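Step one of this worksheet: look at the structure below.
The values are calculated or read from the model by the stated rules, or taken from the named source; none is laboratory data. Computed from a prediction, not measured in an experiment: that's the story for all the values here. All Cβ positions, even for glycine, are placed from backbone atoms using ideal geometry, and neighbour counts span all protein chains on display. Quick note on the areas: whole protein, heavy atoms, side chains included, nothing else; ligands and nucleic acids left out. Shrake-Rupley method; radii C 1.70, N 1.55, O 1.52, S 1.80 Å.
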Amino acid sequence: MLPDSMKQTWKNPSVRKTIGRLVLFIVFSTGWGCATPNDPLGADIREALGVTKNSAEETKDSIERNYDPRVILKRAEALYQGGEYIEAVGEYQHFLELHPLHEWADYAQLKLGMSYLQQFTAIDRDPMPVQKARESFQKLLTTYPNTKYADEANKRLASCRERLAQYQFYVGHFYYKQEAYPAAVHRFEEILASYPNDPVAAGSLYYLALSYERQGRAELAVNRLQNLIEKHPDSPYQSKARQTLVRLNSKPKL
């Protein structure tokens, strides 16, 4: 959900239009890759379990769902395949609590993270599911160091990092558009500290420089623009950064 301080402003049509464009740019330029319910990952396990679209309903009232690893995982997979990710989280967690050493435990840990990740459907939503997904993938790598899903987990961790960075940029840009420059500065500086080499770093430097300029802190603005030009030579913000830098340097010193 949006922070309370942003809800009223979000109703402004011009604000929604501006941020909508930003969101589309982020989504299509980075490609939020996440597994679909029909992902072939785990197809062999689903086949061994006999998962069908009716499996969740068929196991709903069974006693075995409380203890049998195959029934619990079968139900979890059916729920995930059906797009019921919150319910799937509960079943994967139940499986792992009872059967942490099962041959399919590492797979269940992976799917737990993926179930969280599927719940993050828009950039203006609470990023908590992404944070939980990241924790789940990290736990997979530490608890099951020899897992065959290590590459998949690392790929998902990279996706979590991207999404969290994009969310922070979204919020920082929102504050900038609302002329809440101290809040924007704080958010963009946090991004640069946490994600200095990520794609959002260049945009953060650019809007951080503009935020500093609006606060009358020209020296800091110039510094951030120079950092952008030096560290991100291929950034789409290069041209704007250079133009802004020329403009700032041409202003008379007070």
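Tabulated data for the structure shown
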read-out	value
Ellipsoid equivalent to the range 176-250 - semi-axes via the Cα gyration tensor, in Å	17, 16, 9
Positive-end residue of Asn197, Asn154, His186, charge dipole of the range 138-200 with Cβ unit charges	Asn154
Per-residue SASA entry for His232, accessible area with 1.4 Å probe, Å² rounded to 10	30 Å²
Prolate/oblate/rounded label for the range 40-179 (Cα gyration tensor, a/c 1.5)	prolate
With all protein chains modelled, accessible area of Ser235 [1.4 Å, Å²]	20 Å²
Accessible surface of Val130 - all protein chains present, 1.4 Å probe, nearest 10 Å²	0 Å²
Charged-residue dipole, Cβ positions (Lys, Arg, Asp, Glu), the range 132-222 about Cα centre, Debye nearest 20	380 debye
Cross-link reach list, aspartates and glutamates versus Lys251, counting only Cα pairs under 18 Å and skipping chain neighbours closer than eight places	Glu213, Glu219
Entries in Lys132/Lys177; Lys60/Lys111; Lys177/Lys240; Lys111/Lys148; Lys74/Lys111; Lys111/Lys155 that, when Cα-Cα distance is taken, lie over 24 Å	Lys132/Lys177
Highest to lowest packing among 112-120, 156-164, scored as the average C-beta count within 10 Å	112-120, 156-164
The range 165-180 - phi-based ³J(HN,Hα) in whole Hz, Karplus 6.51/-1.76/1.60, Gly and Pro as x	5, 5, 5, 4, 5, 4, 5, x, 5, 4, 4, 4, 5, 8, 6, 8
Largest-first principal axis extents, alpha carbons of the range 114-228, Å	54, 26, 16
Local electrostatic count at Glu213 - Lys and Arg +1, Asp and Glu -1, tallied over other residues with Cβ under 14 Å	+4
Semi-axis lengths, Å, the range 117-178, gyration tensor of Cα atoms, sqrt of 5 times eigenvalues	28, 10, 8
